[in-house]
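The values are calculated or read from the model by the stated rules, or taken from the named source; none is laboratory data. No experiment lies behind these values; they were computed from the predicted model shown. Using ideal geometry, Cβ is built from the backbone for each residue, glycine included, and neighbour counts are taken over all protein chains shown.
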Amino acid sequence: MQKNIFESVTKSESVFVDRNIMSQHYTPDKLPFREHQIDEITQILGNTLNGKRADNLFVYGKVGTGKTVTVKYVLQQLEEFSRQNNIGADTTYVNCRTHNSKYKVLLSALRKFYPDENFIGFSAAFVYEKLLEYADRNKKHLVLALDEVDKVKDVDELIYALSRGNDELASGSVSIIGISNNLRFKDRLDPRTKSSLCEKEMVFSPYNAEELKAILNERAASAFRKGCVEESAVNCAAAVSAQESGDARTAVMLLLRAGELADKSGLSRVSDAEVRKAKSKVEEEIIFNMIKTLPSQQQLVLYAISSLVFNRKGVRSVTGLREPGVLFSGEIYDEYKRVAKSLGETYISSRWYRQYINELEIYGLIITSQSGKGIRGSTRLVRLGFDAKKIKDVLEVELFA
Ligand SMILES: Nc1ncnc2c1ncn2[C@@H]1O[C@H](COP(=O)(O)OP(=O)(O)OP(=O)(O)O)[C@@H](O)[C@H]1O
Ligand SMILES: [Mg+2]
């Protein structure tokens, strides 16, 4: 009899036992090399269990260093402990990529604390008062984790309002854990916000290859069937990720996609060959996810760069020849303004534009350098870190679809 077409996707033929464990959104209950950070956050948040406000904490570090997963893990533990022992600590996690304004953040927090009510359409002042009321009435010590807090447009107002809230409370309190991978974010804050948010600070450093190997082995042990992942696969995924940036997300995704490739080809084991094959796809996936979640004005800046490069614009060097793909910062700003206007959008000031360029460079999406003297004085030159056509295609869907 002919094989059923679904046979290849059933568990019996898969290298996975539980593929979900390799998913980005899974919170493992063991986080190797973050024990120290877990301890420290536990100490800070411990106050809420003793009826006191916890100090605000600012967590920062590069992409994929385990900030989100570590904070989420501690919040889950705190909430569980507080519930089991009937203590008044309560937590919420807000992803500020999607909730990118003071109002949206407060609304998202309220949704957690009043799951049966709907506050959409209520004023910002009402939503704020309602949050304080929740803490006050129930004598709750709240911990708000604001992940990717740099994405909040009016972040100074948000932090200020939340900190000031404590002065209005007769009982209960509000504390904040801000998380960011933008190492320059702090410099952008109002000094008052900065000192309030950064009562305590914690840096997550990139993992090295040995650490990534241990992290992968730990996760793979429950995600994959026994013996289905060759050591060469783990070594390769760890080496690739350590070399690029010490990013555990890349490492975990490499092994996940390599496992899927093995399943697809009907292999019984995952080896370094599958990891190598998965590499460019994973890199692309990570870049595209990042591009999709940039603020729309920043997407427009990146769009201006990719379309100029795509249209074969390039700087004329001293020899008079064009250096393909290298652009003047000024011409990008002009092109950006042109596109923004054509979409009927306002455009950002040149000061903000420079800030956006700095950030795009931190994310690895562009590379900048200073031009030598002679070309329009000394000016900043910009080129893309990735294929112009691919970036342009993703952004066209985001911006014009
Ligand atoms: N110590 C660890 N043990 C197991 N998995 C980990 C560890 N650290 C990170 N990970 C995994 O790596 C991935 C990236 O981690 P996480 O999302 O916490 O990074 P991040 O620091 O928040 O990155 P970003 O700045 O991009 O938000 C997740 O899938 C997470 O589960
Ligand atoms: Mg994160």
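Here are a few things to note about the model shown:
- When residues in the range 133-170 are screened for being away from ligand 1 (no atom under 16 Å from the Cβ) and either in contact with a strand residue (DSSP E or B) (Cβ under 6 Å, 6 or more places away or on another chain) or not assigned by TED's automatic domain parsing to the domain that holds residue 58 (or both), 9 of them pass.
- Within the range 218-231, residues that are more than 15 Å from residue 254 (Cβ to Cβ) have Cβ atoms under 7 Å from residues that are hydroxyl-bearing (Ser, Thr, Tyr) and surrounded by fewer than 20 Cβ atoms within 10 Å (Cβ to Cβ) in these pairs: 228/268, counting only partners at least 6 apart in sequence or on another chain.
- Check on residue 45, crowded, with 21+ Cβ neighbours inside 10 Å, within 13 Å of residue 177 (Cα to Cα) and more than 16 Å from ligand 1 (Cβ to nearest atom): yes
- Residue match in the range 9-29 (condition: more than 30 Å from residue 183 (Cα to Cα) and of a type in the set (Phe, Trp, Tyr)): yes
- Qualifying residues in the range 237-247 (those that are on the phi < 0 side of the Ramachandran plot and surrounded by fewer than 24 Cβ atoms within 10 Å (Cβ to Cβ)) - the one nearest to the chain's Cα centre (by Cα): 247
- Flag if residue 157 is closer than 21 Å to residue 99 by Cα, in contact with a Lys or Arg (Cβ under 7 Å, 6 or more places away or on another chain), within 16 Å of ligand 2 (Cβ to nearest atom) and in contact (Cβ under 8 Å) with a residue 12 or more places away in the chain: no
- Looking only at the range 188-217, and only at residues there that are touching a residue at least 24 places away in the same chain (Cβ under 8 Å) and hydroxyl-bearing (Ser, Thr, Tyr), the one that is farthest from residue 356 (Cα to Cα): 207
- When residue 179 is tested against the conditions (1) within 16 Å of ligand 1 (Cβ to nearest atom); (2) more than 27 Å from residue 255 (Cβ to Cβ), the lone failure is (2).
- Among the conditions (1) assigned to a loop (DSSP other than H, G, I, E, B); (2) within 16 Å of ligand 2 (Cβ to nearest atom); (3) surrounded by 14 or more Cβ atoms within 10 Å (Cβ to Cβ), residue 25 misses just one, which is (3).
- Count - residues of the range 156-174 that are over 21 Å from residue 72 (Cβ atoms) and in a helix (DSSP H, G or I): 10
- Among the residues making up the range 297-331, those that are modelled with pLDDT under 85 and assigned to a strand (DSSP E or B) are 314, 315, 316, 322, 323, 324.
- Residue identified as within 20 Å of residue 24 (Cα to Cα), of a type in the set (Asp, Glu) and within 22 Å of the chain's Cα centre (by Cα) among 211, 218: 211
- Residue that is in a helix (DSSP H, G or I), crowded, with 20+ Cβ neighbours inside 10 Å, touching a residue at least 40 places away in the same chain (Cβ under 8 Å) and within 14 Å of ligand 2 (Cβ to nearest atom), where the choices are 71, 59: 71
- Taken over the range 74-120, the criterion of being in a strand (DSSP E or B) and within 13 Å of ligand 1 (Cβ to nearest atom) is satisfied by 93, 95.
Matching residues to (1) under 23 Å from residue 284 (Cα atoms); (2) of a type in the set (Lys, Arg); (3) at pLDDT 95 or above:
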position	(1), (2), (3)
214	no, no, yes
233	yes, no, yes
245	yes, no, no
264	yes, yes, no
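- Residue 345 in contact with a helix residue (DSSP H, G or I) (Cβ under 7 Å, 6 or more places away or on another chain), charged (D, E, K, R) and at pLDDT below 90: no
- Counted as qualifying within the range 175-241 are the helices (runs of 4 or more DSSP H) with 3 or more residues that are away from ligand 2 (no atom under 16 Å from the Cβ) and outside the structural domain of residue 162 (by TED's automatic domain parsing), namely 209-223.
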